[in-house]
């Protein structure tokens, strides 16, 4: 049996604004070694405290269009008037190294990734209620009332796509949701197909010793 190159898994985490995706992703990376988060490209302006290459790669529309036309984006989506997208080159390179890659994107992007990579593992983060979602949007203080109303309306459309996802995680209590997210990642890593790739050399030695 020939050794097989280790290839990292691809996780997609989606959910409406205010559902707590970013906090859960940060918590997951702190808990689970070997997970790398893709930094999306966006045409929206940077908010206070955001740095290029950290929260996002900030580009203008012409630059974003060029990356898309050159086929260098794994997925793209227009959200609230701005473009967002994931670098295909970055994702492929990290996975070839054996890292598990996590994308924090919206349902449109998740659908594109699912089409282009049948092995992608998709997870939707759900709020416990619309009221809780609105409270969280109000509390974070990033949007005016009109924007919050728009995000609430968009949330209903996004959540209607829940049957398309492999896993659903309700973020009512943060620690519980994070535990569930970690369990999903560890379970997917333990699947025969994924573990067989990662442990190919070990399995070769084990079987040859019979």
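Here is how the numbers come out for the structure above:
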item: In nm, spacing of pseudo-spin labels at residue 175 and residue 136 (7 Å Cα→C-beta vector); result: 1.8
item: Among 20, 85, 63: highest mean-square fluctuation, GNM of the chain, C-alpha pairs under 10 Å; result: 63
item: Folded to 0 to 90 degrees: helix 107-116 orientation relative to the chain principal axis, Cα; result: 30
item: Simple label model, 7 Å out from Cα along Cβ direction - residue 88 to residue 187, nm; result: 3.2
item: Among 170, 32, 101, residue whose mean-square fluctuation peaks in a GNM of the chain (springs only between Cα atoms under 10 Å); result: 32
item: Using alpha-carbon coordinates, inclination of helix 174-190 to the longest axis of the chain, degrees; result: 30
item: For the chain, built as a Gaussian network whose Cα springs stay under 10 Å, the top-fluctuating residue of 149, 77, 120; result: 149
item: Mean Cα-pair separation over length for region 1-113, i.e. relative contact order, pairs under 8 Å, 6 or more apart, %; result: 42
item: Between helix 130-140 and the chain: long-axis angle, C-alpha atoms, 0 to 90°, nearest 10; result: 80
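Every read-out reported here was derived from the displayed coordinates using simple, explicitly stated rules and does not represent laboratory data. The shown structure was predicted, so the numbers you read here are calculated from the model rather than taken from an experiment. Ideal geometry is used to build each Cβ from the backbone, glycine not excepted, and the neighbour counts take in all protein chains shown.
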